[in-house]
1. If you fit an axis through the alpha-carbon atoms of helix A:84-118 and take the longest principal axis of the Cα set of chain A, what angle between them do you get, 0 to 90°, nearest 10?
2. Based on Cβ point charges of +1 for Lys and Arg and -1 for Asp and Glu, what charge dipole magnitude is obtained for the range B:3-80 about its Cα centre, in debye rounded to the nearest 20?
3. Could you calculate the contour length gain from A:Thr114 to A:Ile159, that is, 0.36 nm times the residue separation minus the distance between their Cα atoms, to one decimal place in nm?
4. Take B:Ile70 and A:Ala46, extend 7 Å from each Cα along the Cα→Cβ direction, and tell me the distance between the two endpoints in nm.
5. Sorted from fewest to most neighbouring beta carbons within 10 Å, what does the list A:Ser47, A:Ser98 look like?
6. If you rank A:Ser172, B:Ser28, A:Ser67 by fewest surrounding Cβ atoms within 10 Å, what's the result?
7. Just need log10 I(q)/I(0) for the range A:94-195 at q = 0.18 Å⁻¹, Debye formula, equal scatterers on the alpha-carbon atoms, no solvent, rounded to two decimals.
8. Sticking with the crude label model, points 7 Å out along Cα→Cβ, report the distance from B:Ser28 to A:Asn126 in nm, one decimal please.
Amino acid sequence: MKTLKNQYPPGDFAVWIIIYVELITFSGLFLGYAFSRRGDIELFNASQLLLDQRMGFINTLILITSSYFVVKAVHTIKSMGADKEEASRKAALWLLGSIGLGGMFLVIKMIEFTGKYAEGINLSTNTFFMFYFLSTAFHFCHVLLGTIVLFNLYQKTKIGGYTPADHVGLESGASYWHMVDLLWIVLFPLIYIIR
Amino acid sequence: MDVITRIWIALVGFTIFAFLLGWLKLVSLIGVGILLFTTFLKGQLVIDYFMGLNEVELKYRVIPTIWLGIVISLIAVAYYLPV
């Protein structure tokens, strides 16, 4: 039997327009990096060795797990039973976990950025680091915004502001957060691993 | 164990695999292809199960999939095309 599909993606459609635009914008940075590398492969490979792959790895695990927590929060609201207060409390806890992880990502990235500046490496050092700082700092801004959005969702969820019939705002914020995760999933191997 | 938890475990597994390839300096030309393929799989899992687009009509589901496919393919071209 054919399963009936939803006509539109979850959340407000406006957030999906933003998601599509963001994906296209970041693809410019990804492809700019990949094709610029062809101009000086040795420089890119040598510069890449100056990055700490462990930080990129930990941040990938953090974002994936944070995204997972957000999915659990949305599912908790969607499958809410008679005890609405308990479901809202559980969903709020999942969101609080994802906010904590978002904060951890930002702290690790700040440590990485300040470490590089302390070593005298910045946007103007070479083409590799120009792309590194541009793409990761731009992504950092998205994580920061996403964490603020999650905090607002947490506040509303905590007071029982979402129900199975009305949780468009929650799904919109969740979709944005998953986009941030998706972008990092491409960024991590590209900048830190592939050589 | 629910589907979402299994997806999360798969994503963590792919991430550990990618990190180990890099950490152990095993990224050869074939390694680049494997890494890009697993990156596509990871992205598709996020699109389908975290974003929930596997429950949405195909026309909306394929937009991020096409984006991911084009980006990964062009990155592969940039790495594999002779300089």
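What follows draws every value from the coordinates through simple rules; no lab data is involved. Values in this document were obtained by computation on a predicted structure and should not be read as measured data. Glycine also receives a Cβ, built like all others from the backbone with ideal geometry; neighbour counts cover every protein chain displayed.
1. The angle comes out near 10 degrees.
2. On the way: 5 positive and 3 negative charges, 33 e Å.
Using only the charged Cβ atoms, the result is roughly 160 debye.
3. Difference between extended and current length: 12.4 nm.
4. It works out to 3.6 nm between the two label points.
5. Working: A:Ser47 19, A:Ser98 29.
The order, fewest Cβ neighbours first, is A:Ser47, A:Ser98.
6. The order, fewest Cβ neighbours first, is B:Ser28, A:Ser172, A:Ser67.
7. Computed log10 I(q)/I(0) values: -0.88.
8. Taking the simple label geometry, B:Ser28 and A:Asn126 are separated by 2.6 nm.
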